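Engineer: Here it is, the structure in full.
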Amino acid sequence: MDKEYELFYDETNNSRVFKLTEDGFNYDEKAYFILGGIVFNKSSEPNKESIDNMLERLQVPQNSSEVKFKHIKQKANGFIDLISKSRVKELIAWLYENNLWIHYSYRDNFYYSIVDIIDSLPESTFGGMEFNRDLKNSLFNYIEGDKEWFLQYLKYFDYPNVKNHEQFIDVLLNWIENINPDRGDFNIEYLRQSLNTHREEVLVFLSDNLDGILIQDYSDIYINSILTYYNSNHTFDEELEIQKKIEGTSIEVFGKEASYKFIDSESSIFVQISDLVVGILRMWMAFLENSSILELKIILSSLSEIQRKTLKVFQVILNNSLFESFGFKHGSGSIHFDEKINFFMEYQWN
């Protein structure tokens, strides 16, 4: 993006590495990794008076070295409880009053871990990227319905470092025959035929990896954000493992070196505010993940007046952010989850 922004970041649900274990995964697969925070134009930085006003409204003690999410969470149990908290209400109001935007990238770890099966098949791109994603979504939905068996299958073949690709494909084909016996699901039948075509070949993205290591780290999400907004300044909260991966590496776009740095959050109020924002996003996404669209509709229609007002402002900020730049929302997850986000973003309040 050509525009110049100041982007500040914090992250949550960082498992460092996401891998298969005897019991499933080493980390809750539904606790999405999120990297995000606040963003504003380089010429629109909130002034000290505004920041002091925000800290006063959040009732931050003057001797505090920094403000953390737990300070505004106030022991909230879930997202709906969270938005009832006075400090969360004040933070969201302050973000709106100062015309600040929210940016975030998220990753559904389980979904992200299985899509290489689809991407290893050349036929998956024949219908374009939307069809490719539709195939991934269909496969993921069936896997979710038979998760225990599928995890044992992945574990048996040392996924994603498969050694015997023909056997891996044969077992997968047998599973597909069981879940789609009449071949009535077009996407799954398309997948079956594609796999059958490549039975004696190596699935390119399922080789030369580490046994059972599904995600080695999340550095690619950091790099993607830097590259997307190459004319902007990027300030990240310190994350030593990520820093080892990308610090010292020159990230250039069109011959221009990107501007990014990792700092101690105590030295930047905007990184601290990003911690608060990411905490809200984490509980918001958990709320969406654990609710059907019908349940979301029922819950949102039964909120108190205070809850409704706070959520409406939060919704406006998220929509204003996307109006400024679609890149402020980036994610790797199922179509179904994206539909829940869209439902929330488009919800019409009474």
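The values are calculated or read from the model by the stated rules, or taken from the named source; none is laboratory data. Here the structure is a predicted model, which means the values were calculated and not measured. A quick note on method: Cβ atoms are made from the backbone with ideal geometry, for glycine too, and the neighbour counts reach across all protein chains shown. Each accessible area value is taken on the protein alone, full model and side chains, heavy atoms only, with ligands, DNA and RNA left out. Shrake-Rupley method; radii C 1.70, N 1.55, O 1.52, S 1.80 Å.
Engineer: For region 115-130, enumerate the residues that are open to solvent by 10 Å² or more (accessible area, probe 1.4 Å) and either in a helix (DSSP H, G or I) or within 21 Å of Glu201 (Cα to Cα) (or both).
Structural biologist: Val115, Asp116, Asp119, Ser120, Pro122, Glu123, Thr125, Phe126, Met129, Glu130
Engineer: Of everything in region 45-68, what is open to solvent by less than 60 Å² (accessible area, probe 1.4 Å), in contact (Cβ under 8 Å) with a residue 12 or more places away in the chain and not in a helix (DSSP H, G or I)? Give them in sequence order.
Structural biologist: Pro46, Leu58, Glu66, Val67
Engineer: Between a residue in region 233-255 that is within 20 Å of Arg16 (Cα to Cα) and aliphatic (A, V, I, L, M) and any residue that is open to solvent by less than 60 Å² (accessible area, probe 1.4 Å) and part of a loop (DSSP other than H, G, I, E, B), which pairs come within a Cβ distance under 6 Å, given they are 6 or more apart or on different chains?
Structural biologist: Note: no pairs meet the criteria.
Engineer: Next question, about the same structure. Kindly provide the set of residues from region 279-302 that are not in a helix (DSSP H, G or I) and not small (Gly, Ala, Ser), ordered by number.
Structural biologist: Asn290 - this is the single residue of region 279-302 that is not in a helix (DSSP H, G or I) and not small (Gly, Ala, Ser).
Engineer: Here's something else I'd like to know. Please find, within region 188-219, the residue that is farthest from the chain's Cα centre (by Cα) out of those that are in a helix (DSSP H, G or I), among the β-branched types (Val, Ile, Thr) and surrounded by fewer than 16 Cβ atoms within 10 Å (Cβ to Cβ).
Structural biologist: The selected residue is Thr197.
One line per residue, one yes/no per condition, for (1) open to solvent by 40 Å² or more (accessible area, probe 1.4 Å); (2) out of contact with any strand residue (DSSP E or B) (no Cβ under 8 Å at 6 or more places or on another chain):
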residue	(1), (2)
Glu90	yes, yes
His103	no, no
Tyr106	no, no
Ser113	no, no
Asn132	no, yes
Ile143	no, yes
Tyr153	no, yes
Phe157	no, yes
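Engineer: Now, a different point. Say we look at region 295-346 and pick out the residues that are over 28 Å from Phe110 (Cα atoms) and of a type in the set (Ser, Thr, Tyr); which of these is most open to solvent (accessible area, probe 1.4 Å)?
Structural biologist: Ser302
Engineer: Filter region 20-44 down to the residues that are open to solvent by 10 Å² or more (accessible area, probe 1.4 Å) and of a type in the set (A, V, I, L, M, F, W, C), then identify the one that is farthest from Leu91 (Cα to Cα).
Structural biologist: Going through the qualifying residues, I end up with Leu20.
Engineer: Next question, about the same structure. Scan (1) outside any helix (DSSP H, G or I); (2) within 28 Å of Leu311 (Cβ to Cβ) for the single condition Val88 breaks and write down its number.
Structural biologist: Of the numbered conditions (1) outside any helix (DSSP H, G or I); (2) within 28 Å of Leu311 (Cβ to Cβ), the odd one out for Val88 is (1).
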